[in-house]
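We did not get these values from a lab; they are worked out from the coordinates using the rules stated. All values derive from a computational prediction rather than experimental measurement. Neighbour counts are summed over all protein chains in view; Cβ atoms, including those assigned to glycine, are modelled from backbone coordinates with ideal geometry.
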């Protein structure tokens, strides 16, 4: 038997995007990929970002983003596409992921 859960989810996720809007579809796809990555990493790391955020406030976000931006600068300056198995794409996803996680945590406080 075929699992239709993912198909239905994807159909719902793209429902409000014009089928001809290729960029809109790619934006939504990237956001969905990042949200899955964030949920998995958050579970793997035992919600460490939330704990750090609770202790230090948004300085925790600024520090983590700063670390990732430095990684991105290093990759760019060396014309390398990856360092230690981390690609430019991975670093960009991590930056977006921290921002999404911060927004999600703010919503849980409301």
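Here are the numbers:
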quantity: Residue within segment 102-110 that is under 19 Å from residue 30 (Cβ atoms), surrounded by 15 or more Cβ atoms within 10 Å (Cβ to Cβ) and in contact with a helix residue (DSSP H, G or I) (Cβ under 6 Å, 6 or more places away or on another chain) present; calculated: yes
quantity: From the options 68, 51, 59, 36, residue that is touching a helix residue (DSSP H, G or I) at 6+ places or on another chain (Cβ under 8 Å) and either surrounded by 15 or more Cβ atoms within 10 Å (Cβ to Cβ) or assigned to a helix (DSSP H, G or I) (or both); calculated: 68
quantity: Odd one out for residue 79 among (1) under 15 Å from the mean Cα position of the chain (by Cα); (2) not in a helix (DSSP H, G or I); calculated: (1)
